[in-house]
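Report on one structure; see the data block that follows.
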Amino acid sequence: MKLTRVPSLKSADDFRRHAASLGIELPCDDRILIGNASPLAQPADGVLINGKRIGNRYAVQPMEGWDATTSGGVTEPMLRRWQRFGQSGAKLICGGEAMAVRPDGRANPNQFIINEENRAGLARLRETLVTAHQQRHGSTGDLVIGFQLTHSGRFCKPNDQSRLEPRVACRHPILDRKFGVTRQEQVWTDSEIELLIQDYVRAARLAWEAGADFVDIKHCHGYLLHEFLGARTRPGKYGGSFENRTRPLREIVSGIRAAGNPIDLAVRLSAFDFVPFRPDPALSRPGKPGPGIPEDFSLPYRYAFGVNVDNPLEYDLSETFQFVELCRQLGVKLLNLTAGSPYYNPHIQRPAAYPPSDGYQPPEDPLIGVARQVNVVRQVKARAGPGLLLVGSAYSYLQEFLPQVAQGVVREGWADLVGIGRMVLAYPEVFTDALTQGRLEARRICRTFSDCTTAPRNGLISGCYPLDAYYSSRPEFEELKRVKG
Ligand SMILES: Cc1cc2nc3c(=O)[nH]c(=O)nc-3n(C[C@H](O)[C@H](O)[C@H](O)COP(=O)(O)O)c2cc1C
Ligand code: SF4
């Protein structure tokens, strides 16, 4: 497949023509609107989080760190990242970074742990962000900050960067082999889950005491609570029926409330999924993975959430809609939608022109991946009742057209907020430049090189090595170049 690079599209007309040639629907304004003329500058009405109205429609997505101390404590690179999130001007910090609710639930030995020992560090992360925001943007009464709570389940590597220690919701015909699940003891028992729920409840209390406006109970990307949503083959009270598969969420929420914790609630959900993908072996060379193809699977495919069980290369949103309604009933105020998993089908989760080292060449134009997520959020938004704000994901691949598409999406009411991940690592001032100058600095735009994923996949800290001198001046950059060959 010959990819049309986004920077080669010189105008909104070019962009729209290219989108039409791919058969996708994405609104794209003629130019970036500034100040109050931009739909993105408007506060998010209708829902207050911790009594606050979110001051604009830009959100910073959660991005896991690989740079805490080995006891999960705060370090200088983490503080810098949170400071830059605050400087960005986004008024919603939608989780900061995934924080493990217990040490063995970390996806890497240097992931932040939200526990008593790290209480002061947690408060410091938030204060650093608020101070940076205040210095650059003045008001903070409309800045809403949440912490993302997680257990990494199948992808746990809590002690050693090179050793998986998976704990899964259920056995999986493809992923067990890839992630070292060989024994029934690696599957959670019901009584172990009851204890884990208490860890979430404790973490939510710490979050509230550290000044968070909300906690995001992470249900995405193949991590543990997302895996529960697809645990159709699991017996017992946490598997099988939709009611059982969503029991962990209901018990976490009731535990938080029973403990008298008034913190507001969010959920990040992989709204749909596909089967795992792998590089096509026939077209791969050493160090150069081929284009992605689906792993072999048999039907019905009963191992994921939001997927058509009879054709798992298509989504099925019927349970997604049910889950959204459940969230609303539970009083969840923010729903941040994403898709799939960076570990087994990154092209649907994080559309990119250049794959990470454990990925594959794009099997489709990455713009199709962006449009798939945007249109799923649109469908959910059309059905979600009042009282729930919807955040969309996967905008970074839009590059220079990010603000123009985001404006259109928010104006059309397809999403309430646009959440941005990689672009913020590369270029934290992207929102401010768009809203104040109506243009972006081309040399700072994230080109989806995937080094922020390749580095941690190879035991190095994550960061935007190509565009952020803080990382390119580190010794790890040399190591990264060596890994990439
Ligand atoms: C380095 C890195 C770390 C990430 N960590 C998390 C995380 O901790 N929690 C989460 O929900 N998503 C995480 N994501 C996914 C992003 O939040 C986002 O969904 C994804 O990058 C697509 O958005 P984008 O196109 O704006 O980058 C991470 C992404 C990157 C690049
Ligand atoms: S390393 Fe930088 S340019 Fe590459 S995908 Fe990550 S943020 Fe974007």
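The values are calculated or read from the model by the stated rules, or taken from the named source; none is laboratory data. Treat the numbers as computed from the prediction; the structure is a model and nothing was measured. Cβ sites come from the backbone with ideal geometry, for glycine too, and all protein chains shown count toward neighbours. These area figures cover heavy atoms from the full protein model, side chains too; ligands, DNA and RNA do not enter into them. Shrake-Rupley method; radii C 1.70, N 1.55, O 1.52, S 1.80 Å.
Descriptive notes on the structure:
- Of all residues making up the range 339-355, the number that are more than 16 Å from ligand 2 (Cβ to nearest atom) and polar (S, T, N, Q): 2
- All conditions in (1) of a type in the set (Val, Ile, Thr); (2) more than 11 Å from ligand 1 (Cβ to nearest atom); (3) surrounded by 19 or more Cβ atoms within 10 Å (Cβ to Cβ) hold for Thr432, with the sole exception of (3).
- No other residue among Pro158, Pro173 is open to solvent by 60 Å² or more (accessible area, probe 1.4 Å) and not small (Gly, Ala, Ser) apart from Pro173.
- Cβ-Cβ under 7 Å pairs, at least 6 apart or on other chains, the range 228-246 side without any contact (Cβ under 8 Å) to a residue 12 or more places away in the chain and within 16 Å of Val309 (Cα to Cα), far side open to solvent by 40 Å² or more (accessible area, probe 1.4 Å) and of a type in the set (D, E, K, R): Gly240/Arg232
- Scanning the range 79-88 for residues that are away from ligand 2 (no atom under 16 Å from the Cβ) and surrounded by 24 or more Cβ atoms within 10 Å (Cβ to Cβ) turns up Trp82, Gly86.
- Residues located in the range 374-426, provided they are among the polar types (S, T, N, Q), surrounded by 24 or more Cβ atoms within 10 Å (Cβ to Cβ) and farther than 23 Å from Ser462 by Cα: Gln407
- Cross-chain or 6+ apart pairs with Cβ under 8 Å, the range 254-281 first and free of Cβ contacts under 8 Å to residues at least 12 places away in the same chain, then open to solvent by 40 Å² or more (accessible area, probe 1.4 Å) and within 16 Å of ligand 2 (Cβ to nearest atom): none
A quick yes/no check of all residues on (1) under 27 Å from Leu367 (Cα atoms); (2) charged (D, E, K, R); (3) assigned to a loop (DSSP other than H, G, I, E, B):
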position	(1), (2), (3)
Arg443	yes, yes, no
Thr448	yes, no, yes
Thr453	yes, no, no
Leu460	no, no, yes
Leu467	yes, no, yes
Arg482	no, yes, no
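- Filtering Ala406, Ala415 for residues that are touching a Leu at 6+ places or on another chain (Cβ under 9 Å), away from ligand 1 (no atom under 11 Å from the Cβ) and among the small types (Gly, Ala, Ser) leaves a single hit, Ala415.
- Some residue of the range 407-421 being within 16 Å of ligand 2 (Cβ to nearest atom), in contact with a Ser or Thr (Cβ under 8 Å, 6 or more places away or on another chain) and within 17 Å of Asn375 (Cβ to Cβ): yes
- Among the residues of the range 134-150, those identified as in contact with a strand residue (DSSP E or B) (Cβ under 9 Å, 6 or more places away or on another chain) and surrounded by fewer than 22 Cβ atoms within 10 Å (Cβ to Cβ) are Gly141, Asp142.
- Filter result for Glu476 (within 15 Å of ligand 1 (Cβ to nearest atom) and open to solvent by 10 Å² or more (accessible area, probe 1.4 Å)): yes
- None of Val101, Val74 is more than 29 Å from Leu388 (Cα to Cα), more than 16 Å from ligand 2 (Cβ to nearest atom), of a type outside the set (Lys, Arg) and in contact with a Leu (Cβ under 9 Å, 6 or more places away or on another chain) except Val74.
- The set of residues in the range 189-246 that are on the phi > 0 side of the Ramachandran plot and either touching a helix residue (DSSP H, G or I) at 6+ places or on another chain (Cβ under 6 Å) or surrounded by 19 or more Cβ atoms within 10 Å (Cβ to Cβ) (or both) comprises Gly211, His221, Gly222, Gly236.
- Those residues of the range 101-120 which are under 16 Å from Ala212 (Cα atoms) and open to solvent by less than 20 Å² (accessible area, probe 1.4 Å), in sequence order: Val101, Phe112, Ile113, Ile114, Asn118
- Scanning the range 317-341 for residues that are part of a loop (DSSP other than H, G, I, E, B), within 16 Å of ligand 1 (Cβ to nearest atom) and either of a type in the set (Phe, Trp, Tyr) or under 16 Å from Val380 (Cα atoms) (or both) gives Val332, Ala339.
- Restricting the range 438-473 to residues that are among the hydrophobic types (A, V, I, L, M, F, W, C) and exposed (fewer than 15 other Cβ atoms within 10 Å of the Cβ) leaves a set whose member that is nearest to Pro286 (Cα to Cα) is Ala469.
- Yes/no for Arg53 being among the charged types (D, E, K, R), open to solvent by 40 Å² or more (accessible area, probe 1.4 Å) and in contact with a strand residue (DSSP E or B) (Cβ under 9 Å, 6 or more places away or on another chain): yes
- Which listed residue, of Arg31, Arg81, Arg16, is under 25 Å from the mean Cα position of the chain (by Cα), among the basic types (Lys, Arg) and either at negative phi or assigned to a loop (DSSP other than H, G, I, E, B) (or both): Arg81
- Per-region count, the range 62-78, residues more than 13 Å from ligand 1 (Cβ to nearest atom) and assigned to a loop (DSSP other than H, G, I, E, B): 7
- Search result, residues across the range 153-177 that are part of a helix (DSSP H, G or I) and more than 22 Å from Arg245 (Cβ to Cβ): Arg177
- Screening Glu76, Glu64, Glu97 for residues that are open to solvent by 10 Å² or more (accessible area, probe 1.4 Å), under 26 Å from Asp160 (Cα atoms) and touching a Pro at 6+ places or on another chain (Cβ under 9 Å) leaves exactly one candidate, Glu64.
- Which listed residue, of Arg257, Arg350, Arg278, is of a type in the set (Lys, Arg) and either in contact with an Asp or Glu (Cβ under 9 Å, 6 or more places away or on another chain) or under 20 Å from Phe242 (Cβ atoms) (or both): Arg278
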